[in-house]
Amino acid sequence: MNKKNISAGLILTVALAFGFASCKKEGCTDSNAENFNSEAKKDDGSCTYKSYTLEPTTVNGVSYTKVSGTIDESITLNASTKYLLSGGVFVSNGATLTIEAGTTIYAADDNTVPFLAIHRGSKINANGTADQPIVFTTVKSNPAAGDWGGIIVNGYAPVNNGVDPEGEGGTGKYGGTNAADNSGVLRYVRVEYAGKQFTADNELNGFSFNGVGNGTTLEYLQAYMVADDGFEFFGGTANLSYALSYGSGDDSFDFTYGWSGTGMNWRAEQSATEGDRGIEGDNNSSNNAAAPFSNPTLKNIELVGRDTSAHTVGMKLREGTKATVDNLVVSNFLKGIEIEHDQTLENVLAGDLTVINATVNGAASDISIKGSKDANGNTINQTLVDDAKASSNVKVDGSGTASTSWLTGSWYRNL
Ligand SMILES: [Ca+2]
Ligand SMILES: [Ca+2]
Ligand SMILES: [Ca+2]
Ligand SMILES: [Ca+2]
């Protein structure tokens, strides 16, 4: 190449470069967008954003990763990071949220109502260990019950309160026809200071299981100092083993709308000042005969109340529920077991509601059986009440025994 040609080539190169520079490259110029183009000089309106954010933040000098929005792809939260939950965080679109053992997730103090809700068809995989539990708590330095909304799991298992009902607090639709539905794993998980109240009948709990199916694994879970119920089941077939409900503001365990799973090795302990029933079990308050009936199997259950003067009941079964209860110990409640409403009594007579191996300590009454009442407060069917009382299907024979041998490790907190 001669000198003249080199010069011509150089001029062409410079001209081309100049031409490109003067025609600004277009693209997404927002660094928060998932398709941010650092070379783009002019925004072309093409920016797209993730439906959730994970962003670094600092609270009182401590670094967190703030989680917000709707998680629509599978991600993992790791134990070396402190997470801050801001607002309602949903897991959606069939995604799985994996949380490593030993991870702590804090509810933000930012004028939102934080909660974690798993949509139907999506999963949580929170597999803690006895000494490395997964802990959900509040970031507030003066923690109190009701600081946030807790964990809500929605599934496709049967419920008896209609098609696609919406969970409390706008936490997602639930229910369906798949009893074996699998919403994932919650193992060695502690939820503290949850149970946010929106209105009188719209309250989140520690754990809310809405139409959750029995393909789901729920074991070694603690609700600690929550404002409403520690655990509440809205229908579904989910099984829950090794569960602690300590210091719950309302019921330690609550079920309604057709829950028919197995509860094994449950322990409730009320705080000195709060708490309604140890177990409150309904079928459906609008239609006591709604199917599928609430019909859990409850085995190895210990319910410790705060004071017999608190006028509460250890285990109240009502509104048409069925149940098979074996090995129950109730202590320190005014009443041990209460069965109420005609459909519930019919279930007792039919052998569909049975309590065996029960011990009640220190109550003013071991068993109370009450029928439905008319508008004037009079019992409608006294014969049914008498027959249910005379049946031996619900009895307190003093043979219930409590065991806490499964309470090992450091995954739970005492009151
Ligand atoms: Ca509740
Ligand atoms: Ca309740
Ligand atoms: Ca209650
Ligand atoms: Ca209830």
Which condition number in (1) surrounded by 24 or more Cβ atoms within 10 Å (Cβ to Cβ); (2) of a type in the set (A, V, I, L, M); (3) assigned to a loop (DSSP other than H, G, I, E, B) is the one that Val163 fails?
(1)
Whichever residue in the range 180-233 is among the aromatic types (Phe, Trp, Tyr) and within 14 Å of Ile118 (Cβ to Cβ) and, among such residues, is nearest to the chain's Cα centre (by Cα):
Phe207
Exclusive hit being under 19 Å from Ile151 (Cβ atoms), more than 16 Å from ligand 2 (Cβ to nearest atom) and assigned by TED's automatic domain parsing to the domain that holds Thr354, set Gly230, Gly249, Gly211
Gly211
Please tell me if Arg267 is over 13 Å from the mean Cα position of the chain (by Cα), away from ligand 4 (no atom under 15 Å from the Cβ) and either basic (Lys, Arg) or closer than 16 Å to Leu415 by Cβ (or both).
yes
Among (1) crowded, with 21+ Cβ neighbours inside 10 Å; (2) touching an Asp or Glu at 6+ places or on another chain (Cβ under 7 Å); (3) under 23 Å from Asn378 (Cα atoms), the one test that Lys322 misses
(3)
Failed criterion for Asn60 (all others in (1) over 18 Å from Val135 (Cβ atoms); (2) crowded, with 17+ Cβ neighbours inside 10 Å; (3) in contact (Cβ under 8 Å) with a residue 60 or more places away in the chain hold):
(2)
Can you run down the residue pairs with Cβ atoms below 7 Å, 6 or more apart or on separate chains, where the first is in the range 99-124 and in contact (Cβ under 8 Å) with a residue 60 or more places away in the chain and the partner is basic (Lys, Arg) and in a loop (DSSP other than H, G, I, E, B)?
Val113/Lys196
For the range 114-150, which residues satisfy the criterion of being among the hydrophobic types (A, V, I, L, M, F, W, C) and surrounded by fewer than 19 Cβ atoms within 10 Å (Cβ to Cβ)?
Ala130, Ala144
For the structure I just gave you, tell me whether Asn347 is at pLDDT 95 or above, touching a Phe, Trp or Tyr at 6+ places or on another chain (Cβ under 9 Å) and crowded, with 21+ Cβ neighbours inside 10 Å.
yes
Tell me which residues, restricted to the range 205-228, are of a type outside the set (Ser, Thr, Tyr) and outside any loop (DSSP other than H, G, I, E, B).
Phe207, Phe209, Asn210, Leu218, Glu219, Leu221, Gln222, Ala223
Of all the strands (runs of 3 or more DSSP E) wholly in the range 272-387, which have at least 1 residues that are farther than 23 Å from Ala223 by Cα?
313-318, 323-331, 335-340, 353-361, 365-370
Taking the range 221-240 and keeping residues under 14 Å from Ser260 (Cα atoms) and more than 14 Å from ligand 3 (Cβ to nearest atom) leaves Phe234, Gly235, Gly236, Thr237, Ala238, Asn239, Leu240
Name every residue in the range 229-252 that is outside any strand (DSSP E or B), polar (S, T, N, Q) and away from ligand 4 (no atom under 13 Å from the Cβ), in order of residue number.
Thr237, Asn239
Filter the range 34-93 for residues that are aliphatic (A, V, I, L, M) and part of a loop (DSSP other than H, G, I, E, B); the one that is nearest to Asp109 (Cα to Cα) is Ala79
Criterion (away from ligand 4 (no atom under 16 Å from the Cβ), out of contact with any Pro (no Cβ under 8 Å at 6 or more places or on another chain) and modelled with pLDDT of 95 or more) met by exactly one of Gly305, Gly278, Gly314
Gly305
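The values are calculated or read from the model by the stated rules, or taken from the named source; none is laboratory data. Everything numeric in this text was worked out from a predicted model, so none of it was measured. Note that each Cβ is placed from the backbone with ideal geometry, even for glycine, and that neighbours are counted across all protein chains shown.
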